[in-house]
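Everything on this sheet refers to the single structure shown next.
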Amino acid sequence: MLSSSRRFAPLATVTLPVLAITLLVSSCTSSSEQWNRQKLGIIGMKYGELVACAGPPDKSTPIDPHDGVISYGTIRSIPDGGYDECAAFIYVTDGLVRTVRERGNDYGECLTRFEACGR
């Protein structure tokens, strides 16, 4: 008769690597997916709440007395024609964040700037 440790050894040799790979893949949510979730949390925030959690914007452009665009971050062109880093452009209407757009390819930069704004 086999001992209990030998009986389960083949199962452990298959299960542990599969479990490790599953955990690794599930924890690798792309930064663009995380950024998309973060954007949804920012939309609807009051302007004051946004500034409290993300800090003052790098640039602010009024559109009219009730609307404006604020931006965070920087963009620099890279030789292959793309962009490095991430800039967020936030459209504010009547004191509320209505739309968030970004430009760049390093969503981690945007995530870092707004991580304190999680809801």
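Throughout, read-outs are computed from the coordinates displayed, never taken from laboratory work. Please read all numbers here as calculations on a predicted model, not as lab measurements. Here Cβ is always computed from backbone atoms with ideal geometry, including for glycine, and neighbour counts include all displayed protein chains.
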FRET efficiency for residue 34 and residue 96 from the Cβ-Cβ distance with R0 = 22 Å, rounded to 0.05, comes out at 0.45
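Provide 115, 102, 85 in ascending order of the number of other Cβ atoms located within 10 Å of each residue's Cβ, fewest first. Walk me through the numbers on the way to the answer.
Working: 115 12, 102 22, 85 17.
The fewest-first ordering by Cβ neighbours comes to 115, 85, 102.
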Mean shadow area of the stretch 31-117, taken as a quarter of the surface of its Cα convex hull (nm²)
5.4 nm²
